[in-house]
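To start, the structure under review is shown below, and the notes come after it.
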Amino acid sequence: MPVPPVQKPPDTIVPVKPRQGIHLAINGEPYLHTGDPDMPLLWYLRDVLRLTGTRYGCDRRQCGACTILVDGKRALACERPMRTVAGKNLTTVEGLVGPDGALHELQQAWIDEDAVLCGYCQPGWLMAAADLLRQTPDPSDADINALPNLCRCGSQPRIRRAIHRAARQLRGSST
Ligand code: FES
Ligand code: FES
């Protein structure tokens, strides 16, 4: 009886060993970080993923330029090592835009109120404002003033107007 030929494995399937790492989602996309678990999240976002909207301002938890959302809540990317975001859903300023490319109400209000001066701090303010409006749909000036973000250009009055405008928009109110 003839011996059947040895079957070669398909060369289109490349076996890959499972990799240890930190699974997380950023702006709806899944990622696996296989590097140092103590790497600051801010470096991962900016240097690895090139999501440079999240800014490096002080690296000392003082300026808010690195503000993002972790599971929908305000967080500072400079103070979070990668190991603390395992299994979390992150949103950066790049993820504020809707899936159809429509600007978030806050982004539109920022444009309408001409809130941006040099611009460096603004992504952090947008993310802090998103968290504020999630918790407080009709914020007072004092609520906005209590946000821990800094702007050395003095755009706070414009930012305040923009947050009020976006809040009205989100509430479906013209007042
Ligand atoms: S860079 Fe994170 S608070 Fe300033
Ligand atoms: S707009 Fe320049 S630091 Fe805020």
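The values are calculated or read from the model by the stated rules, or taken from the named source; none is laboratory data. Everything quoted here is computed from the prediction, not taken from an experiment. For neighbour counting, all protein chains shown are included, and Cβ atoms are generated from backbone atoms with ideal geometry for every residue, glycine included.
For this structure, a couple of remarks:
- Residue in the stretch 148-164 that is farthest from Trp110 (Cα to Cα), counting only those that are within 13 Å of ligand 2 (Cβ to nearest atom) and aliphatic (A, V, I, L, M): Leu150
- Test: residue in the stretch 118-125 that is in a helix (DSSP H, G or I), within 16 Å of ligand 1 (Cβ to nearest atom), small (Gly, Ala, Ser) and not assigned by TED's automatic domain parsing to the domain that holds Pro30: yes
- Qualifying positions in the stretch 55-89 - within 7 Å of ligand 1 (Cβ to nearest atom), within 21 Å of Ile22 (Cα to Cα) and part of a loop (DSSP other than H, G, I, E, B): Cys66
- Counted residues, the stretch 98-132 - those being within 12 Å of ligand 2 (Cβ to nearest atom) and under 13 Å from Cys151 (Cβ atoms): 13
- Of the candidates Asp143, Asp100, Asp131, Asp138, the single residue that is within 17 Å of the chain's Cα centre (by Cα), farther than 18 Å from Leu42 by Cα and either at pLDDT 95 or above or part of a loop (DSSP other than H, G, I, E, B) (or both) is Asp131.
- Qualifying residue in the stretch 73-89 (condition: among the hydroxyl-bearing types (Ser, Thr, Tyr) and assigned by TED's automatic domain parsing to the domain that holds Ile26): yes
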